[in-house]
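See below for the structure under consideration.
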Amino acid sequence: MFGGRCLVALETAGSGREGWSSRSAFVLAAIGSAVGLGNLWRFPAEAGANGGGAFVLFYIFCVVLIGLPLLLSETLIGRHGQSSAPESARRLARESGASRHWSILASLGVLSAFLIVSFYCVVGGWVLHYVWIFTSDLFQTGLSGGAFQGRDPAQIEALWPNLAGNGGLTVALDALFLGITLFFVARGVSSGIEVMAVWLMPAFFVLLIAITVYGAFGGAFHESMAFLFSFEPHKLTGSVMLAALGQAFFSLSLGVAGMITYGGYVGRKVNLATTSVIIAAADTFVALVAGLCIFPIVFAAGLGVNAGPALMFQTLPHAFQSMPFGSLVGIFFFLMVGVAALTSSVALLEVPTSWLMEKTGLRRVPASCTIALGAMILGALSALSTNELAEFYPLNFIPLFEGQGVFDVLDGLTSKLFMPIAAIMTSVFVGWVSDRRLVNAETGLSPTLQGIWRFLVCWLCPLTLFGILAVGIFPNLFI
Ligand code: PHE
């Protein structure tokens, strides 16, 4: 499946810029970017809160018809330009005889990636803390029983609010997670990002499958299958559809120039259509398996699955209490989430780093340290901000952000505004503005598939994304 190693290495080296050493390295790094907290934390939370089957089915529909065409569009801009994301977009615009200002689509993505990495690492830090909590619990309560023996559920559920409310600890954990991310980005594409992906992604898949198989023996597997895959049409409401579309989008790392940046390190001979299909399929597979990993454990403990964001940090630790080897499973589970989060945060940090290197001529180490320092300052603000303090924040006067802390404001600003705007611009740019011959030469699609892809990019993507954008700005639009 992953042939053509030498060809790719030679090609990329020929462009005078560092690049992936093989096609499989690119595919693994891109899967690592896509698979993250979005799959393991957000997807099960959204599926649980939005009624299961209807959400899941529509999610798959969105991945195939909107996510996949956009993924191919982003990677082809990057591969054509062989530069940082904005420069790649500018190059394609210039060669198509279009305004160079189209590069704004990628500049907006660079800004989003910077904002997202700042709060993504805060959550990464929480995950590290849970690995520690379960490890120390293993020493206290022993191997074979459930986790947190002798503690009542309220105490277990208080772990999360206690952690989020402990400013000093959250900032320290954020710094630790960001520091690990920086380590890999500072080492470079082939000796840092790629090495990490090649080692950690297989480890991630082993952990995911092992925990899922173990959880399946807990008895609630059929119940979970029914919840995730039984389609009840009346549950497919407008808000469920939008949640599914937004989730597909975030999960595939679209709209933040991440795939343009990674595409910029890909050699000329790689078939971008095939690799895009592999990346989207792997990402969707992980989201579905994450559901099949988490829901049986939660159902077997007799708990509810509709806790939203609290599902992973409150419901699940509670469920591990009644599970044999609960602390050990807890350690492995949060290690797995940490690995997935790391391969995504590395992608997020790489986007602004590659931009800064190109813009200023700085070398990789100082450029990545500068970006990480900025992300640390912003991350500390997120870590320290709670929604109770929100009235003091500067964006409070905008209805979209009323009553929210820095964390939620940054999340809302990127996922509801910047990412959809960047993605609409990307589809219009690739579908309508760019030179058809240049674009077609990059996709690797047969003429028939080319036609279908073009239709999706020109019409379906911008129109539906416009829907997300409208609802993001005016939440009550369809009510
Ligand atoms: N796709 C990642 C996830 O599912 C998040 C991400 C978004 C990573 C954008 C990189 C760029 O968690």
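Screening 289, 277, 206, 240 for residues that are over 19 Å from residue 348 (Cβ atoms) and either of a type in the set (Gly, Ala, Ser) or within 16 Å of the ligand (Cβ to nearest atom) (or both) leaves exactly one candidate, 289. Residue pairs whose Cβ atoms lie under 9 Å apart, separated by 6 or more positions or on different chains, with the first residue in segment 32-53 and over 22 Å from residue 122 (Cβ atoms) and the second within 12 Å of the ligand (Cβ to nearest atom) and in a helix (DSSP H, G or I), are 47/247; 47/287.
Among the residues of segment 82-100, those identified as in a helix (DSSP H, G or I) and surrounded by fewer than 24 Cβ atoms within 10 Å (Cβ to Cβ) are 87, 90, 91, 93, 94, 95, 100. Residues of segment 112-130 that are near the ligand (Cβ under 9 Å from one of its atoms) and open to solvent by less than 10 Å² (accessible area, probe 1.4 Å): 112, 113, 116, 117.
Scanning segment 148-199 for residues that are of a type in the set (A, V, I, L, M), more than 25 Å from residue 373 (Cβ to Cβ) and open to solvent by less than 50 Å² (accessible area, probe 1.4 Å) turns up 156, 158, 159.
Flag: residue 256 does not match the condition of being more than 16 Å from the ligand (Cβ to nearest atom), touching a residue at least 40 places away in the same chain (Cβ under 8 Å) and open to solvent by less than 60 Å² (accessible area, probe 1.4 Å). When 424, 371, 398 are checked against the criterion of being among the β-branched types (Val, Ile, Thr), at pLDDT 95 or above and open to solvent by 20 Å² or more (accessible area, probe 1.4 Å), 424 stands alone in meeting it. Kindly indicate whether residue 74 is in a helix (DSSP H, G or I), touching a residue at least 60 places away in the same chain (Cβ under 8 Å) and open to solvent by 10 Å² or more (accessible area, probe 1.4 Å). Taking the combined requirement at face value, the residue does not satisfy it. Would you confirm whether any residue within segment 328-343 is in a helix (DSSP H, G or I) and farther than 22 Å from residue 40 by Cβ? No, that holds for no residue. Inspect segment 356-367 for any residue being part of a helix (DSSP H, G or I), small (Gly, Ala, Ser), open to solvent by less than 10 Å² (accessible area, probe 1.4 Å) and within 19 Å of residue 163 (Cβ to Cβ) and give the result as yes or no. There is no residue in segment 356-367 that is part of a helix (DSSP H, G or I), small (Gly, Ala, Ser), open to solvent by less than 10 Å² (accessible area, probe 1.4 Å) and within 19 Å of residue 163 (Cβ to Cβ). Write out, first by first residue and then by second, each pair whose Cβ atoms fall under 7 Å of each other, whose residues are 6+ apart or on separate chains, and whose first residue, in segment 229-243, is free of Cβ contacts under 8 Å to residues at least 24 places away in the same chain and open to solvent by 50 Å² or more (accessible area, probe 1.4 Å) while the second is of a type in the set (Gly, Ala, Ser) and not in a helix (DSSP H, G or I). Filtered contacts from segment 229-243: no entries.
The values are calculated or read from the model by the stated rules, or taken from the named source; none is laboratory data. As the structure is a prediction and not an experimental result, all values here were calculated from the model. With ideal geometry, Cβ positions are generated from the backbone for all residues, glycine too; neighbour counts draw on all protein chains shown. The area values use the complete protein model at the heavy-atom level, side chains included, leaving out ligands, DNA and RNA. Shrake-Rupley method; radii C 1.70, N 1.55, O 1.52, S 1.80 Å.
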